[in-house]
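The structure that follows is given in the form of structure tokens.
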Amino acid sequence: MTSENLRIGVFVCDCGSNIAGPVDTEAVREYAAGLPDVVVAVRNRYTCAEPGQQEIRRHIREHHLNRVVVASCSPTSYEVIFRQCIEGAGLNPYLLEMANIREHCSWVTPGDRETATRKAQEIVKVAVARARWLYPQTEEQIPVTPGVLVIGGGVAGMQAALDLADAGHQVYLVEKQPSIGGVMAQLDKVYPDIECSI
């Protein structure tokens with residue numbers, strides 16, 4: 001675990017009634033506020049909307065947060081948005097942990113508010129524990145050679161090489177045999193017209 005003094009902020013989203021319908025989001029917020037290293041826990045109607053993001057940035061500055069947990073929807077859809085949000089507040093974008101309490105909880109636990117709420121609390125607890133292990137990261141920029149290597153000079157390899165060359169790429173076609181054509185070059189005639197394969 002990091003030796004840094006952890007200051008974690010938890011932001012619980014209602015997602016309208018998507019989450020707040022089946023889950024008592026205020027109870028989740030209260031639970032999160034009592035977790036170790038959590039200095040602020042906030043509930044918001046739509047955390048992904050601009051007012052919700054402004055609130056996250058404000059709390060990062062006011063409470064000197066160095067980790068953020070967003071309990072809302074799927075990271076697949078919203079992680080990029082929240083990374084940009086915390087980066088806008090001066091925090092490394094990789095100091096974000098998401099707790100999916102919509103798809104993993106509210107949508108799969110209909111009709112049992114108590115169980116759904118308890119499950120959401122546990123998901124947030126795990127996200128806070130994971131956030132303790134986050135560290136700042138940077139994205140490397142690696143130069144890319146614009147050429148294309150096609151391995152295999154059979155029919156598929158030759159066609160791929162031609163298509164890529166037509167698209168304006170420098171193509172390197174590599175074949176282990178002394179001639180190209182693959183299996184097709186070994187055939188005398190091909191179906192359906194019984195034409196010469198060469």
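Being aliphatic (A, V, I, L, M) and farther than 12 Å from Ile180 by Cβ is the filter here, so list the residues in region 152-163 that pass it. Step through it out loud before you land on a result.
At the first step, the residues of region 152-163 found to be aliphatic (A, V, I, L, M) are 155-156, 158, 160-162.
Listed by number, the list holds a single entry, Ala160.
With the condition kept exactly as written, say whether any residue in region 155-163 is in a loop (DSSP other than H, G, I, E, B) and surrounded by 13 or more Cβ atoms within 10 Å (Cβ to Cβ). Please lay out each step first, then the result.
From region 155-163, those in a loop (DSSP other than H, G, I, E, B) are none; that's our starting set.
Within region 155-163, not a single residue is in a loop (DSSP other than H, G, I, E, B) and surrounded by 13 or more Cβ atoms within 10 Å (Cβ to Cβ).
Here are the criteria: (1) farther than 14 Å from Ile123 by Cβ; (2) in contact (Cβ under 8 Å) with a residue 24 or more places away in the chain. Tell me which single one Glu50 does not satisfy.
(2)
Also, I was wondering about something else. Would you be able to say whether some residue in region 118-139 is aliphatic (A, V, I, L, M), at pLDDT 90 or above and in contact with a Cys (Cβ under 7 Å, 6 or more places away or on another chain)? First the steps, then the outcome.
First, pick out the residues of region 118-139 that are aliphatic (A, V, I, L, M): 120, 123-124, 126-129, 131, 134.
The next check asks that each one be at pLDDT 90 or above; those that pass are 120, 123-124, 126-129, 131, 134.
Narrowing the set further to residues that are in contact with a Cys (Cβ under 7 Å, 6 or more places away or on another chain) leaves 120, 123.
Yes, the conditions are met somewhere in region 118-139.
Moving on to the next point. Go through region 112-154 and report how many residues are charged (D, E, K, R) and assigned to a helix (DSSP H, G or I).
Looking only at region 112-154, we keep the residues that are charged (D, E, K, R), and these are 112-114, 118-119, 122, 125, 130, 132, 139-140.
Filter again for assigned to a helix (DSSP H, G or I), leaving 113-114, 118-119, 122, 125, 130.
So the count comes out to 7.
Can you confirm whether Ile56 is among the β-branched types (Val, Ile, Thr), out of contact with any Gly (no Cβ under 9 Å at 6 or more places or on another chain) and surrounded by 20 or more Cβ atoms within 10 Å (Cβ to Cβ)?
Working: among the β-branched types (Val, Ile, Thr): yes; out of contact with any Gly (no Cβ under 9 Å at 6 or more places or on another chain): no; surrounded by 20 or more Cβ atoms within 10 Å (Cβ to Cβ): yes.
So Ile56 fails the test.
With respect to Glu87, determine if the residue is modelled with pLDDT of 95 or more, in a helix (DSSP H, G or I) and surrounded by 13 or more Cβ atoms within 10 Å (Cβ to Cβ). First the steps, then the outcome.
Working: modelled with pLDDT of 95 or more: yes; in a helix (DSSP H, G or I): yes; surrounded by 13 or more Cβ atoms within 10 Å (Cβ to Cβ): yes.
For Glu87, the condition - modelled with pLDDT of 95 or more, in a helix (DSSP H, G or I) and surrounded by 13 or more Cβ atoms within 10 Å (Cβ to Cβ) - is met.
Scan region 131-142 and report the pairs whose first residue is in contact (Cβ under 8 Å) with a residue 40 or more places away in the chain and surrounded by 10 or more Cβ atoms within 10 Å (Cβ to Cβ) and whose second residue is among the acidic types (Asp, Glu) and in a loop (DSSP other than H, G, I, E, B), with Cβ atoms within less than 7 Å and a gap of 6+ or a chain change.
Qualifying pairs under 7 Å: Arg132/Asp37.
With the structure loaded, tell me whether Ala49 is surrounded by fewer than 22 Cβ atoms within 10 Å (Cβ to Cβ), of a type in the set (Gly, Ala, Ser), at pLDDT 95 or above and more than 13 Å from Ile19 (Cα to Cα) or whether it fails that test.
Values: surrounded by fewer than 22 Cβ atoms within 10 Å (Cβ to Cβ): yes; of a type in the set (Gly, Ala, Ser): yes; at pLDDT 95 or above: no; more than 13 Å from Ile19 (Cα to Cα): yes.
Spelling it out, it is not the case that Ala49 is surrounded by fewer than 22 Cβ atoms within 10 Å (Cβ to Cβ), of a type in the set (Gly, Ala, Ser), at pLDDT 95 or above and more than 13 Å from Ile19 (Cα to Cα).
Check Glu97 against each of (1) part of a helix (DSSP H, G or I); (2) of a type in the set (D, E, K, R); (3) assigned by TED's automatic domain parsing to the domain that holds Leu35 and name the one condition it does not meet.
Among (1) part of a helix (DSSP H, G or I); (2) of a type in the set (D, E, K, R); (3) assigned by TED's automatic domain parsing to the domain that holds Leu35, Glu97 violates only (1).
Quick one: in region 79-91, which of the residues that are in contact (Cβ under 8 Å) with a residue 24 or more places away in the chain and under 18 Å from Val128 (Cβ atoms) is nearest to the chain's Cα centre (by Cα)? Before you say what the answer is, go through the steps one by one.
Step one: of region 79-91, the residues in contact (Cβ under 8 Å) with a residue 24 or more places away in the chain are 81-82, 85-86, 88-91.
If we keep only those that are under 18 Å from Val128 (Cβ atoms) too, we end up with 82, 86, 91.
Details: Phe82: 11, Ile86: 15, Leu91: 18 Å.
Applying the filter and picking the extreme gives Phe82.
Here's something else I'd like to know. Out of region 26-59, which residues are part of a helix (DSSP H, G or I), under 20 Å from Ser74 (Cβ atoms) and touching a Ser or Thr at 6+ places or on another chain (Cβ under 8 Å)?
Val28, Gln53, Ile56 - these are the residues of region 26-59 that are part of a helix (DSSP H, G or I), under 20 Å from Ser74 (Cβ atoms) and touching a Ser or Thr at 6+ places or on another chain (Cβ under 8 Å).
The values are calculated or read from the model by the stated rules, or taken from the named source; none is laboratory data. Owing to the predicted nature of the structure, the values given are computational and were not obtained by experimental measurement. Every residue, glycine as well, gets a Cβ built from its backbone with ideal geometry; the counts of neighbours run over all protein chains shown.
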